[in-house]
Amino acid sequence: MEALVLSALRAAPGPVTAVWLQERLGGDLAYSTVMTILSRLLAKQAVTRERAGRAYLWRPAAEVSRLAALRMRRVLDGQPDREAVLASFVDTLSPDDERVLRHLLGSADPAPGE
């Protein structure tokens, strides 16, 4: 459901209300459900809101790639053996993705103390 809401927000002409989202999502969702989804996305910093009278106007907070990276980071943060998770992730990369990752790591600034 969060992905559907984010997709609708990205397709919106600008900041929109929860009612606008509810209508675009087919109207089968209750207003309270849309608000719950938006509140969860706000807590994840995936959307922002601004006051407009008595309502809020909502917009996506980041591009799709940043949101995907945040999800990946939350999964990694929830694991006790980060090294094993990262090693397993790298083992599943395609050769092209591994090349891109190596390039990105090679051009990254060194960590403090290195």
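The values are calculated or read from the model by the stated rules, or taken from the named source; none is laboratory data. Because the structure is predicted, anything quoted here is derived from the model rather than measured. Every residue, glycine as well, gets a Cβ built from its backbone with ideal geometry; the counts of neighbours run over all protein chains shown.
This table checks each residue for (1) touching a strand residue (DSSP E or B) at 6+ places or on another chain (Cβ under 8 Å); (2) surrounded by fewer than 10 Cβ atoms within 10 Å (Cβ to Cβ); (3) in a helix (DSSP H, G or I).
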| residue | (1), (2), (3) |
| --- | --- |
| LEU42 | yes, no, yes |
| GLN45 | no, no, no |
| TRP58 | yes, no, no |
| VAL75 | no, no, yes |
| ALA84 | no, no, yes |
| ASP96 | no, yes, yes |
| LEU105 | no, yes, yes |
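With respect to the stated conditions, VAL100 fails to be in a helix (DSSP H, G or I), of a type outside the set (S, T, N, Q), out of contact with any Pro (no Cβ under 7 Å at 6 or more places or on another chain) and closer than 17 Å to GLU2 by Cα. Each residue in the range 60-73 was checked for being at pLDDT 85 or above and in contact with a strand residue (DSSP E or B) (Cβ under 9 Å, 6 or more places away or on another chain), and 2 pass. Taking every residue in the range 35-62 that is more than 17 Å from ALA3 (Cα to Cα) and pairing it with any residue that is of a type in the set (D, E, K, R), at least 6 positions away or on another chain, the pairs with Cβ-Cβ distances below 7 Å are TYR56/ARG49; TYR56/GLU50; LEU57/ARG49; LEU57/GLU50. Could you please find all residues in the range 63-97 being more than 25 Å from SER7 (Cβ to Cβ) and either among the β-branched types (Val, Ile, Thr) or in contact (Cβ under 8 Å) with a residue 40 or more places away in the chain (or both)? Within the range 63-97, VAL85, VAL90, THR92 meet the criteria. Close contacts from the range 1-17, counting a first residue that is outside the structural domain of GLY53 (by TED's automatic domain parsing) and at positive phi and a second that is among the basic types (Lys, Arg) and surrounded by fewer than 17 Cβ atoms within 10 Å (Cβ to Cβ), with Cβ to Cβ under 7 Å and a gap of 6+ residues or different chains, come to none at all. So, in the range 18-28, how many residues would count as being crowded, with 17+ Cβ neighbours inside 10 Å and either farther than 29 Å from MET72 by Cβ or modelled with pLDDT under 90 (or both)? Final tally of qualifying residues: 2.
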